[in-house]
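A short worksheet on the structure shown next.
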Amino acid sequence: MPSAADRVPWGWLAAGRASRRLVLGVVFVALLLDNMLLTVVVPIVPTFLYTTEYEGTNSSAAPAQPEPASPALKAPPFSPPPPSGCPEGEEFLAQENVRVGLLFASKALVQLVVNPSVGLLTNRIGYHIPMFIGFTIMFVSTIMFAFSGTYTLLFIARALQGVGSSFSSVAGLGMLASVYTDDFERGNAMGIALGGLALGVLIGAPFGSVMYEFVGKSSPFLVLAFLALLDGALQLCILQPSRISPESTKGTPVTTLLQDPYILVAAGALCFSNMGVAMLEPTLPIWMMQTMCSPKWQLGMAFLPASVSYFIGTSLFGILANKMGRWLCSLVGMAVVGISLLCVPLAKNIYGLIGPNGGLGFAIGMVDSSMMPIMGYLVDLRHTSIYGNVYAIADVAFCMGFAIGPSTGGAIVRAIGFPWLMTIIGVTNIAYAPLCWYLRSPPAKEEKIAILSQEGPIQSRSHTAQKALRDFPLTDDSDAEAESAE
């Protein structure tokens with residue numbers, strides 16, 4: 001006890017580093033900020049590009065008009081539009097579907113490439129340093145968003161966010177899985193952590209649209225940058241980002257995990273369920289501009305029902321999924337995702353989107369809160385209980401949805417229209433849902449050892465390492481405990 005007090009000047013700080021709940025709090029805040037930044041740009045980017053590029057070229061092409069002389073009269077054409085008039089420039093908006101989709105997808109594409117490397121890095125140096133690297137990159141990306149005035153700079157900021165998000169999410173989820181070794185406790189902890197993700201999604205789009213409408217483009221990003229600084233201070237206190245703490249046991253390689261059909265089924269559920277909302281993000285605001293003549297503030301508020309219900313879904317099914325069966329929870333969730341997406345194009349105004357978007361968010365919450373714990377459970381059951389690589393795969397699956405969705409969604413809308421896009425991804429989710437049945441009772445580790453003989457003595461080693469790793473991310477004495485356990 002005295003040695004701990006010497007190392008850490010405040011008693012609460014020492015207690016914090018030994019508390020699983022405070023580590024859960026750090027991961028919660030990191031996921032919250034990441035997903036606020038993810039969604040705060042959704043209502044801002046389409047209208048910002050329309051205002052700066054389309055209206056800018058229009059005003060320069062028509063210098064004879066008297067209005068452009070007064071800057072006060074130039075800004076509102078996009079704000080509350082006339083009751084009968086939608087924004088002009090149908091061809092520009094059609095092209096913008098593709099450009100905005102690519103910009104949104106850049107984050108997920110970069111994250112997709114970086115994730116496997118981060119998984120390997122966490123196995124070698126622990127979770128503390130990658131978590132802090134993620135915070136640093138996220139802060140730089142947020143500042144870039146605040147002061148970027150062109151499509152190219154916004155694209156770079158979004159791609160940079162993908163690097164930071166990869167470090168934060170892989171390290172954060174791996175840390176939680178190693179701290180909460182009991183499967184039931186882990187499910188609850190993952191549900192709470194995903195609640196942070198859900199809260200970020202919940203707040204992001206409405207917060208961005210309201211701040212952009214009434215304060216300006218930079219304001220929401222400056223608020224997020226300030227919150228990111230607070231998160232960095234929290235990480236410095238609770239975690240120990242100056243210390244290298246490699247895993248005491250070598251984790252199963254990514255290539256081996258990718259050959260596991262059960263892990264692939266779980267990853268596919270994460271990918272396709274999130275692909276639906278990923279396709280909505282760049283295309284729904286532009287569709288609302290074209291068909292509903294929606295003002296700027298409504299473009300973000302349209303995602304509010306999905307965000308609220310996602311928060312409820314992840315919080316509720318973090319506990320319920322374990323009781324009703326995570327495979328069944330995910331199967332039902334994917335079916336509801338598909339039905340909700342089919343109903344989105346039926347809406348005639350923003351109020352018509354409440355039901356479909358609410359059902360979509362709730363169902364995705366069911367899938368995410370079921371599949372994230374299942375990933376850790378499958379590794380415990382069939383591989384070595386080291387979690388960096390499997391949560392890198394989970395994050396890759398999540399990112400594939402957010403990479404393929406926006407990048408292809410804009411092109412599909414331009415080719416065959418928004419309703420057909422919703423039909424395609426809705427039917428895909430309904431068709432995939434029955435595959436979740438295979439996760440009902442995956443075979444145990446002994447059967448895997450019979451197939452992969454090189455992992456022979458892993459049974460006893462993994463359980464010993466699992467207990468040693470319970471306190472691994474938190475205390476300075478964990479290395480010595482891990483060595484004695486070996």
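The values are calculated or read from the model by the stated rules, or taken from the named source; none is laboratory data. A quick note: this is a predicted structure, and the numbers were derived from the prediction, not measured. FYI the Cβ positions are ideal-geometry reconstructions off the backbone, even for glycines, and counts take in every protein chain you see. Just the protein is used for accessible areas: all its heavy atoms, side chains included, with ligands, DNA and RNA removed. Shrake-Rupley method; radii C 1.70, N 1.55, O 1.52, S 1.80 Å.
Check whether at least one residue in the range 288-298 is of a type in the set (Val, Ile, Thr), under 24 Å from Thr47 (Cα atoms), assigned to a helix (DSSP H, G or I) and under 21 Å from the mean Cα position of the chain (by Cα), and report yes or no. The answer is no, given that none of the residues of the range 288-298 is of a type in the set (Val, Ile, Thr), under 24 Å from Thr47 (Cα atoms), assigned to a helix (DSSP H, G or I) and under 21 Å from the mean Cα position of the chain (by Cα). Scanning the range 186-245 for residues that are open to solvent by 50 Å² or more (accessible area, probe 1.4 Å) and modelled with pLDDT under 75 yields Ser242, Ile244.
The residues of the range 110-120 that are touching a residue at least 60 places away in the same chain (Cβ under 8 Å) and either farther than 30 Å from Leu280 by Cα or crowded, with 21+ Cβ neighbours inside 10 Å (or both), listed by number, are Gln111, Leu112, Asn115, Val118, Gly119, Leu120. Could you check the range 348-369 and list, in sequence order, the residues that are open to solvent by 10 Å² or more (accessible area, probe 1.4 Å) and farther than 30 Å from Tyr438 by Cβ? Selection gives Lys348, Asn349, Ile350, Tyr351, Gly352, Ile354, Gly355. Of all residue pairs spaced 6 or more apart or on separate chains, those with beta-carbon atoms under 9 Å, a first member in the range 402-422 that is closer than 19 Å to Asn35 by Cβ and a second member that is modelled with pLDDT of 80 or more and basic (Lys, Arg) are Phe402/Lys107; Ala403/Lys107. Taking (1) surrounded by 24 or more Cβ atoms within 10 Å (Cβ to Cβ); (2) closer than 23 Å to Val114 by Cβ; (3) in contact (Cβ under 8 Å) with a residue 60 or more places away in the chain in turn, Phe167 satisfies each apart from (3). Considering only the range 3-14, I want to know if a residue exists there that is among the charged types (D, E, K, R), open to solvent by 30 Å² or more (accessible area, probe 1.4 Å) and modelled with pLDDT of 60 or more. No, there is no match, as no residue in the range 3-14 is among the charged types (D, E, K, R), open to solvent by 30 Å² or more (accessible area, probe 1.4 Å) and modelled with pLDDT of 60 or more. The single condition among (1) open to solvent by less than 10 Å² (accessible area, probe 1.4 Å); (2) under 30 Å from Pro253 (Cβ atoms) that Trp327 does not meet is (1). From the list Gly417, Gly409, the lone residue that is under 18 Å from Leu341 (Cα atoms), surrounded by 24 or more Cβ atoms within 10 Å (Cβ to Cβ) and modelled with pLDDT of 80 or more is Gly409. Taking Gly200 as the residue in question, decide whether it is within 16 Å of the chain's Cα centre (by Cα), under 30 Å from Leu284 (Cα atoms) and not in a loop (DSSP other than H, G, I, E, B). It is true that Gly200 is within 16 Å of the chain's Cα centre (by Cα), under 30 Å from Leu284 (Cα atoms) and not in a loop (DSSP other than H, G, I, E, B). Filtering the range 272-323 to residues that are basic (Lys, Arg) and buried (at least 23 other Cβ atoms within 10 Å of the Cβ) leaves only Lys296. In contact with a Leu (Cβ under 8 Å, 6 or more places away or on another chain) and modelled with pLDDT of 85 or more: does that describe Val337? For Val337, the condition - in contact with a Leu (Cβ under 8 Å, 6 or more places away or on another chain) and modelled with pLDDT of 85 or more - is met.
Out of the range 299-334, which residues are among the β-branched types (Val, Ile, Thr) and farther than 17 Å from Asp183 by Cα? Walk me through how you get there before you give the answer.
The first filter runs over the range 299-334 and keeps only residues among the β-branched types (Val, Ile, Thr), leaving 308, 312, 314, 319, 332.
Listed by number, the residues that qualify are Val308, Ile312, Val332.
State whether the residues of the range 370-386 include one that is in contact with a His (Cβ under 9 Å, 6 or more places away or on another chain), under 30 Å from Ser117 (Cα atoms) and open to solvent by less than 10 Å² (accessible area, probe 1.4 Å). Within the range 370-386, one or more residues are in contact with a His (Cβ under 9 Å, 6 or more places away or on another chain), under 30 Å from Ser117 (Cα atoms) and open to solvent by less than 10 Å² (accessible area, probe 1.4 Å).
If the condition is being of a type in the set (Gly, Ala, Ser) and closer than 24 Å to Leu328 by Cα, then the range 412-434 contributes Gly426, Ala431, Ala433. When you look at Ile137, is it at pLDDT 85 or above, of a type outside the set (Gly, Ala, Ser) and either over 18 Å from the mean Cα position of the chain (by Cα) or open to solvent by 50 Å² or more (accessible area, probe 1.4 Å) (or both), yes or no? Considered against the rule, which asks whether it is at pLDDT 85 or above, of a type outside the set (Gly, Ala, Ser) and either over 18 Å from the mean Cα position of the chain (by Cα) or open to solvent by 50 Å² or more (accessible area, probe 1.4 Å) (or both), Ile137 comes out as no.
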